[in-house]
Structures are given as C-alpha cells and as structure tokens.
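The values are calculated or read from the model by the stated rules, or taken from the named source; none is laboratory data. For clarity, every value in this text was computed on a predicted model and none was experimentally measured. With ideal geometry, Cβ positions are generated from the backbone for all residues, glycine too; neighbour counts draw on all protein chains shown. These accessible areas exclude ligands, DNA and RNA; they are computed on the full protein's heavy atoms, side chains included. Shrake-Rupley method; radii C 1.70, N 1.55, O 1.52, S 1.80 Å.
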Amino acid sequence: MQELIRQLEALKSQIAEAMTKLGIEVDQKEAQNLRNRSAKPDFWSDPTRASTQSKRLAQLDRHIDSWTSLATDAEEALELSKLEQSGPNNDLL
C-alpha cells in the first residue's frame, strides 16, 4: 500500500506540473473573461464574434475540466489509499 501511495503522490505532482506547463490557470482566466463578456447585453450584437467567443469558451471549459477532473481523481485516489492504509474505521460502521 505504501508503494501505491508513493506512486499516487508522484502522479498528483506530475499532473500539477503538467497543468502549469499547459497554462491551465491562464486558460481559467481567459474563460472567466469570456464569461464576463458574454454576460454583457450587447454580446450578440456581432453574431460572428459572439459565436467565435462562445466556441472558444466551450473549448477552454473542456480543456480545463479534463485536467481539473484528472487532478481531483488523483487526489481522491490518494486520500482513499491513505484511509485504507490507516486501517478500518469503526466509526463508519
């Protein structure tokens, strides 16, 4: 179990490093900017631009969600492994 925990910790670190290299934080800021723009009343006054921005937002959201979901899954697997290693918890029964 200790080896699994070590591997999951390494995976978590690698995911965080990949997210940094891929600029996920920058993408999150861009997505928020696009959300703010799309909330303005005149957003659809230029349908072509609005459509392009909406597609970009959808693309960013998919990209961001895939990486944040992966990071969450790794974190949860790590926590579950640590719980398993600590033994049964009679409080949960």
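Specify which of the listed residues (L70, L80) is of a type outside the set (S, T, N, Q) and either open to solvent by 80 Å² or more (accessible area, probe 1.4 Å) or modelled with pLDDT under 95 (or both).
Details: L70 fails: either open to solvent by 80 Å² or more (accessible area, probe 1.4 Å) or modelled with pLDDT under 95 (or both).
After applying the criteria, what remains is L80.
Open to solvent by 70 Å² or more (accessible area, probe 1.4 Å) and in contact with a Leu (Cβ under 9 Å, 6 or more places away or on another chain): which single residue out of R62, R49, R35 fits that description?
R35
Among the residues of the range 17-32, which ones are aliphatic (A, V, I, L, M) and surrounded by 14 or more Cβ atoms within 10 Å (Cβ to Cβ)?
M19, I24, A31
Between residues in the range 36-63 that are closer than 15 Å to V26 by Cα and in contact (Cβ under 8 Å) with a residue 12 or more places away in the chain and residues that are part of a helix (DSSP H, G or I) and basic (K, R), which pairs lie under 7 Å by C-beta distance while being six or more apart or on different chains?
The qualifying pairs are L57/R35.
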